[in-house]
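The values are calculated or read from the model by the stated rules, or taken from the named source; none is laboratory data. Please read all numbers here as calculations on a predicted model, not as lab measurements. As a convention, Cβ positions derive from the backbone with ideal geometry for all residues, glycine included, and neighbour counts pool all protein chains shown. SASA here: full protein model, heavy atoms, side chains in, ligands and nucleic acids out. Shrake-Rupley method; radii C 1.70, N 1.55, O 1.52, S 1.80 Å.
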Amino acid sequence: MNDFFVNATALAYLVAAVLFILALRGLSSPESSRQGNFMGMLGMLIAVVATVLSPDLISYLEIGIALAVGGGIGLVIARRIPMTAMPQLVAAFHSLVGLAAVLVAAAAFLEPMNFGITDAAGNIFAVSRVEMALGAAIGAITFSGSVIAWAKLQGTMSGTPIILPLRHLINLVLGLGILGLIGVFAISEVAATGGGDLFWYIIAASFTIGFLLIIPIGGADMPVVISMLNSYSGWAAAGIGFTLQNSALIVTGALVGSSGAILSYIMCKAMNRSFFSVIAGGFGGDAAGPATGAGASDKPVKQGSADDAAFILKNAGKVIIVPGYGMAVAQAQHAVREMADMLKKHGVDVSYAIHPVAGRMPGHMNVLLAEANVPYDEVFELEDINNQFPTADVAFVVGANDVTNPAAKTDTASPIYGMPILDVEKAQTVLFVKRSLSPGYAGVANELFFRDNTMMLFGDAKKMTEGIIKGLD
Amino acid sequence: MESIFIQQLSIFVLAIFIGYFVVWSVTPALHTPLMSVTNAISSVIIVGALIAAGPELGSLSKTLVLVAIALAGVNIFGGFAVTQRMLSMYRKKPAPKDPKAGRAE
């Protein structure tokens with residue numbers, strides 16, 4: 001009887017793991033993605049039901065209440081959250097996964113016999129101790145790191161890097177200390193009986209290092225941070241999976257861990273920075289460092305009004321819109337789409353060009369444009385549209401800056417040198433919506449502002465776009 | 001014990017490879033939903049909490065586990081729901097009404 005349940009549950013976990021793989025697979029195109037999401041839900045349902053049906057389970061009421069409270073909160077948040085706040089939400093969700101991992105590991109440490117990880121004498125296996133300590137440590141790092149990332153994205157905390165003296169040394173000592181503690185925890189006989197304070201020291205040190213790792217990283221590097229924490233939350237789940245000898249958790253943790261790692265890699269590559277330099281931090285604050293090429297600001301700038309821009313756009317054959325984080329901040333995505341609709345009525349060919357690191361998380365701009373009802377087949381990634389700029393009459397840059405800076409291609413001294421950029425300067429005219437001539441997060445002046453074919457449209461992205469819409473009437 | 005560990009390690013390593021190939025095939029336009037859905041599925045950690053919530057436990061352990069269930073619940077329901085909400089916004093261009101649409105550049 002018991003064997004039957006063990007095997008049936010294991011099979012159910014296998015089905016769940018396959019469904020999770022299919023859920024990710026579905027995201028290869030928007031058409032299949034909704035179906036993929038349902039597979040993910042189904043997988044989760046199967047995994048939870050199979051576990052709940054286990055004959056050992058008796059506290060249905062408490063579980064039901066906990067799940068209803070959590071699920072209710074989750075549903076309300078999911079329904080109400082504005083799309084511009086998606087990066088914060090994802091960071092907050094990561095922190096919950098991390099904390100849940102810590103709690104489950106702690107429960108396994110306190111009551112190991114429930115998980116069958118004890119020998120005949122009731123001592124926790126050494127391997128299990130390493131696994132639970134690793135799971136708890138990664139979970140704790142995910143938790144505190146995500147809380148800081150959330151605070152920076154939410155604006156609760158300034159996006160400016162907080163640089164502690166000797167921070168690399170502190171982090172190194174802490175990191176080695178955690179590994180050392182885990183080693184001692186694995187051989188300690190007190191720990192084997194579920195006693196001693198070592199386990200809690202490991203968790204406390206991991207909370208601290210998670211906090212210290214993220215505070216020196218600036219707001220604009222958040223796409224990497226959030227991907228990295230996504231990865232960590234997966235590794236934490238896998239660690240717990242090893243502890244509990246649960247294949248569904250191991251597989252899911254591996255999937256999520258590699259997913260986050262790939263996203264981090266894509267983001268780093270799109271900024272031409274090494275993963276290590278991002279983690280080392282100190283880059284990308286709201287208050288930019290010394291601007292290189294600051295002397296350029298003496299050059300004359302061509303400035304236009306909304307009506308000028310409307311006139312140019314109306315007479316264009318082909319317009320490429322380049323949105324950036326500024327569009328999200330100004331909530332201008334609906335106005336931009338409205339403008340594009342009017343241009344299409346005038347017979348203008350409109351498309352959108354998205355840089356991989358535009359926004360505060362991977363794919364952030366795509367979601368905002370989708371929210372504003374922009375069809376996804378008008379939205380193109382950098383490598384798919386970059387060769388189109390020479391044939392475009394107008395490049396309309398709204399809320400983006402560094403990702404259009406030609407210095408990345410020419411100026412070897414520039415901090416953004418080598419970063420792939422959108423070749424907007426090759427368009428006949430560049431319309432640049434921006435509040436001022438201030439440099440972007442990299443602290444680099446954009447020489448594009450001073451080019452002959454650039455017209456600066458100074459103002460708030462939303463107000464300026466609405467002004468252009470009026471001008472198009 | 002060791003052999004179970006090796007079995008699990010095999011599953012783990014192979015799953016990383018599956019994840020690697022599957023995630024590279026995800027279109028960049030859906031990277032935000034990818035993050036929210038991976039978030040939701042990593043909350044399968046709830047099964048660990050459910051196992052521990054089964055037997056009568058000492059009060060501290062049980063409290064920890066119930067909190068973990070609630071947290072994972074936020075993520076599961078919130079994560080899948082917000083992913084669904086995002087994905088439902090991705091729409092294709094409506095089919096052009098006049099045949100001369102799709103102008104050459």
Check your understanding: Quick one: is B:I46 open to solvent by 30 Å² or more (accessible area, probe 1.4 Å), under 20 Å from A:V251 (Cα atoms) and modelled with pLDDT under 95?
Key -> no
Exercise for review: Evaluate the following for A:G177: is it of a type in the set (G, A, S) and more than 25 Å from the chain's Cα centre (by Cα)?
Suggested key: yes
Check your understanding: If you go through the stretch B:28-55 one residue at a time, how many are out of contact with any Ser or Thr (no Cβ under 6 Å at 6 or more places or on another chain) and hydroxyl-bearing (S, T, Y)?
Key -> 2
Exercise for review: Mind listing whichever residues of the stretch A:439-458 are in a loop (DSSP other than H, G, I, E, B) and without any contact (Cβ under 8 Å) to a residue 60 or more places away in the chain?
Suggested key: A:N446, A:R451, A:N453
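Per-residue answers, yes or no, for (1) among the aliphatic types (A, V, I, L, M); (2) open to solvent by 20 Å² or more (accessible area, probe 1.4 Å):
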| residue | (1), (2) |
| --- | --- |
| A:G135 | no, no |
| A:I138 | yes, yes |
| A:Q154 | no, yes |
| A:L164 | yes, yes |
| A:G210 | no, no |
Review point. Which number in (1) in a loop (DSSP other than H, G, I, E, B); (2) within 10 Å of chain B (Cβ to nearest Cβ); (3) open to solvent by 10 Å² or more (accessible area, probe 1.4 Å) marks the one condition that A:V374 misses?
Key: (3)
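A quick yes/no check of all residues on (1) more than 7 Å from chain A (Cβ to nearest Cβ); (2) hydrophobic (A, V, I, L, M, F, W, C); (3) open to solvent by 10 Å² or more (accessible area, probe 1.4 Å):
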position: B:L30; (1), (2), (3): no, yes, no
position: B:L50; (1), (2), (3): no, yes, no
position: B:A68; (1), (2), (3): no, yes, no
position: B:G73; (1), (2), (3): no, no, no
position: B:G79; (1), (2), (3): no, no, no
position: B:R85; (1), (2), (3): no, no, yes
Exercise for review: Could you run through the stretch A:49-88 and say how many residues are open to solvent by less than 60 Å² (accessible area, probe 1.4 Å) and more than 7 Å from chain B (Cβ to nearest Cβ)?
Suggested key: 8
Check your understanding: Just checking, how many residues over the stretch A:235-257 are among the hydrophobic types (A, V, I, L, M, F, W, C) and more than 7 Å from chain B (Cβ to nearest Cβ)?
Key -> 2
Exercise for review: Mind counting the residues in the stretch A:14-28 that are crowded, with 24+ Cβ neighbours inside 10 Å and part of a helix (DSSP H, G or I)?
Suggested key: 6
Review point. Any idea how many residues of the stretch A:339-365 are in a helix (DSSP H, G or I), open to solvent by 10 Å² or more (accessible area, probe 1.4 Å) and either free of Cβ contacts under 8 Å to residues at least 60 places away in the same chain or under 25 Å from A:S146 (Cα atoms) (or both)?
Key: 3
Practice item. Sort through B:V37, B:V44, B:V26, B:V13 and tell me the only one that's part of a helix (DSSP H, G or I) and either closer than 26 Å to B:R91 by Cα or basic (K, R) (or both). Key: B:V37
Exercise for review: Report yes if some residue within the stretch A:29-36 is touching a residue at least 60 places away in the same chain (Cβ under 8 Å), surrounded by 15 or more Cβ atoms within 10 Å (Cβ to Cβ), more than 7 Å from every other protein chain (Cβ to nearest Cβ) and in a helix (DSSP H, G or I); otherwise report no.
Suggested key: no
